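All remarks here apply to the structure that follows.
The values are calculated or read from the model by the stated rules, or taken from the named source; none is laboratory data. Note that the coordinates shown come from a computational prediction; the quantities given were computed from them, not determined experimentally. Positions of Cβ are generated from backbone atoms using ideal geometry, with glycine treated the same way; all protein chains shown enter the neighbour counts. Heads up: the accessible areas ignore ligands, DNA and RNA and are worked out on the full protein's heavy atoms, side chains in. Shrake-Rupley method; radii C 1.70, N 1.55, O 1.52, S 1.80 Å.
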Amino acid sequence: MEDPEKEDLLAFERRLAEVVNTEKRSSFRWRLVLGAIFACSAISACHWVRYAKESESVVFQILSSHSAFAFSLATICLLILYGFNHAVKQDPTILRDTREMLSPFRLNINNQGRLILVPPQTE
């Protein structure tokens, strides 16, 4: 017969690993979106620079005539700001809080959500 405490710990470990993997999937999606927007920005920037060399007009006039570049530049700035905000608030908080909660029980977790038994400290 299995030990109920062991089953509870295994269920906790599975759920924690699921939460960590869900966070990794959403961060991969944001990286993909950011990469696509960055590629659009790079391509439209090349066209914008080529046009800017031929023209003597002010930067804002050039940006208004190249709306794709202006839109992708604004979008990439917003995505970078959102990504920094999300990374600072989300990832470390889950792992840090769980580590603090498990420390009295001589347990720790790795970055994938797996439980690690901490050996007792000898003084």
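Which residue pairs have Cβ atoms under 7 Å apart, sit 6 or more places apart or on different chains, and have a first residue in region 103-123 that is charged (D, E, K, R) and a second that is surrounded by 11 or more Cβ atoms within 10 Å (Cβ to Cβ)?
ARG106/VAL118; ARG114/GLU13; ARG114/ALA17
Of everything in region 1-29, what is open to solvent by less than 100 Å² (accessible area, probe 1.4 Å) and at pLDDT below 80? Give them in sequence order.
Scanning region 1-29 gives VAL20, ASN21, THR22, GLU23, LYS24, SER26, SER27.
Which of the residues that make up region 78-98 are open to solvent by 70 Å² or more (accessible area, probe 1.4 Å) and at pLDDT 80 or above?
Answer for region 78-98, where residues must be open to solvent by 70 Å² or more (accessible area, probe 1.4 Å) and at pLDDT 80 or above: LEU78, LEU81, ARG96, ASP97.
Going through region 30-58 one residue at a time, which ones are open to solvent by 80 Å² or more (accessible area, probe 1.4 Å) and modelled with pLDDT under 80? Talk me through it step by step, then tell me what you get.
In the first step, residues of region 30-58 are kept if they are open to solvent by 80 Å² or more (accessible area, probe 1.4 Å); the result is 30-32, 38, 43, 46-47, 50-51, 53-54, 56, 58.
The answer is TRP30, ARG31, CYS46, HIS47, ARG50, TYR51, LYS53, GLU54, GLU56, VAL58.
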